[in-house]
Amino acid sequence: AVAIDVSNKASVSEAIGQVLDRFGRIDILVNNAGVLGAPGWWERDPPDDDDWDLILAVNLRGVVNVTQAVMPHMKERRDGKIVNIASIAGRQGGPDVPAYHASKAGVISWTQSNALQLAEYNINVNAICPGVLWTSMYERLTARRTTFVPEAEITGLKGRDYFDKMVELRVPMKREQTP
C-alpha cells in the first residue's frame with residue numbers, strides 16, 4: 001500500500017513513482033477516494049465552501065489527478081484499465097449533499113470523455129455507480145436524510161432503521177449492497 005492524497009498533485013506523482021519503481025508498470029487504476037464534506041459536514045445545512053472545496057478536490061479532481069498521472073504510462077504501453085468509482089448519486093440529484101452528487105456526476109462525465117480519448121490506445125475506462133451501502137459514511141448521512149425523504153414510511157426513522165426501510169422501498173431486489 002502507498003499513502004496518497006489524491007487532491008495533491010505532488011503526492012500523486014510521488015505515489016505513482018513509487019509504484020512504477022517497484023513494479024515497472026501500472027496495469028489497472030481504480031479511483032476510489034471519496035468524501036461527503038469537510039470535518040463536521042453532517043452538522044451543517046447547507047454545505048459550506050469548505051465542504052464544496054474538499055468534495056470537489058477529492059471526489060472529482062482526485063480522479064483527474066491520478067488518471068492524468070497514470071495515463072502517459074498506459075498510453076506508452078498501449079494497454080490499461082481505469083475504473084472510476086462514481087455513485088448512483090451521480091445519476092440522480094439529491095437535496096442533502098448536493099456537492100457530492102455534483103462531484104460524482106463529474107466523475108461519470110470524466111469517465112465517458114476518457115473512454116473516448118483513450119480508446120485508440122487500447123485503454124478501457126469505466127465507472128461503477130454503487131447504490132446505497134451501509135458504511136460509516138452512510139450512517140452519518142442518515143441523520144441528515146431523514147429530513148429530506150418524502151416517503152411517509154421513512155419519516156422519523158434514524159440510522160440503520162432508516163437505511164433498511166430505504167432499501168426496502170427503493171431497491172428492486174429489496175436487499176442491500178455490501179462493501
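The values are calculated or read from the model by the stated rules, or taken from the named source; none is laboratory data. Nothing here was measured: the structure is a model prediction, and the numbers come from that model. In this analysis, Cβ positions are derived from the backbone assuming ideal geometry, glycine residues included, and neighbour counts consider all displayed protein chains. In case anyone asks, the SASA skips ligands and DNA or RNA and just uses the protein heavy atoms, side chains included. Shrake-Rupley method; radii C 1.70, N 1.55, O 1.52, S 1.80 Å.
Residues are listed down the side, and each one gets a yes or a no for (1) more than 10 Å from the chain's Cα centre (by Cα); (2) within 25 Å of Asp45 (Cα to Cα):
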site: Gly80; (1), (2): yes, no
site: Arg91; (1), (2): yes, yes
site: Tyr100; (1), (2): no, yes
site: Val107; (1), (2): no, yes
site: Ala115; (1), (2): yes, no
site: Val125; (1), (2): yes, no
site: Gly131; (1), (2): yes, yes
site: Thr135; (1), (2): yes, yes
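Please state which of the following conditions Asp45 fails to meet, knowing it meets all the rest: (1) in contact (Cβ under 8 Å) with a residue 40 or more places away in the chain; (2) within 25 Å of Ser136 (Cα to Cα); (3) open to solvent by less than 60 Å² (accessible area, probe 1.4 Å).
(3)
Looking at (1) within 20 Å of Asn124 (Cα to Cα); (2) open to solvent by less than 20 Å² (accessible area, probe 1.4 Å); (3) polar (S, T, N, Q), can you tell me which one Gln68 breaks?
Only one criterion in (1) within 20 Å of Asn124 (Cα to Cα); (2) open to solvent by less than 20 Å² (accessible area, probe 1.4 Å); (3) polar (S, T, N, Q) is unmet by Gln68, namely (2).
Residue-by-condition table, conditions (1) more than 30 Å from Thr142 (Cα to Cα); (2) free of Cβ contacts under 8 Å to residues at least 12 places away in the same chain; (3) assigned to a helix (DSSP H, G or I); (4) of a type in the set (Ser, Thr, Tyr):
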position	(1), (2), (3), (4)
Val6	no, no, no, no
Gly17	yes, yes, yes, no
Gly34	no, no, no, no
Arg61	no, no, yes, no
Asn84	no, no, no, no
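Looking at (1) at negative phi; (2) within 20 Å of the chain's Cα centre (by Cα), which is the only condition Gly40 fails?
(1)
Matching residues to (1) open to solvent by less than 30 Å² (accessible area, probe 1.4 Å); (2) more than 30 Å from Asp161 (Cβ to Cβ); (3) in contact with a strand residue (DSSP E or B) (Cβ under 7 Å, 6 or more places away or on another chain):
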| position | (1), (2), (3) |
| --- | --- |
| Lys81 | no, yes, yes |
| Gly93 | no, no, no |
| Asn114 | yes, yes, yes |
| Glu120 | no, yes, no |
| Asn124 | no, yes, yes |
| Cys129 | no, no, no |
| Met137 | no, no, no |
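Please identify the pairs in which a residue from the stretch 98-111 that is modelled with pLDDT under 95 has its Cβ atom under 9 Å from the Cβ atom of a residue that is of a type in the set (Ser, Thr, Tyr), counting only partners at least 6 apart or on another chain.
Tyr100/Ser87; His101/Ser87
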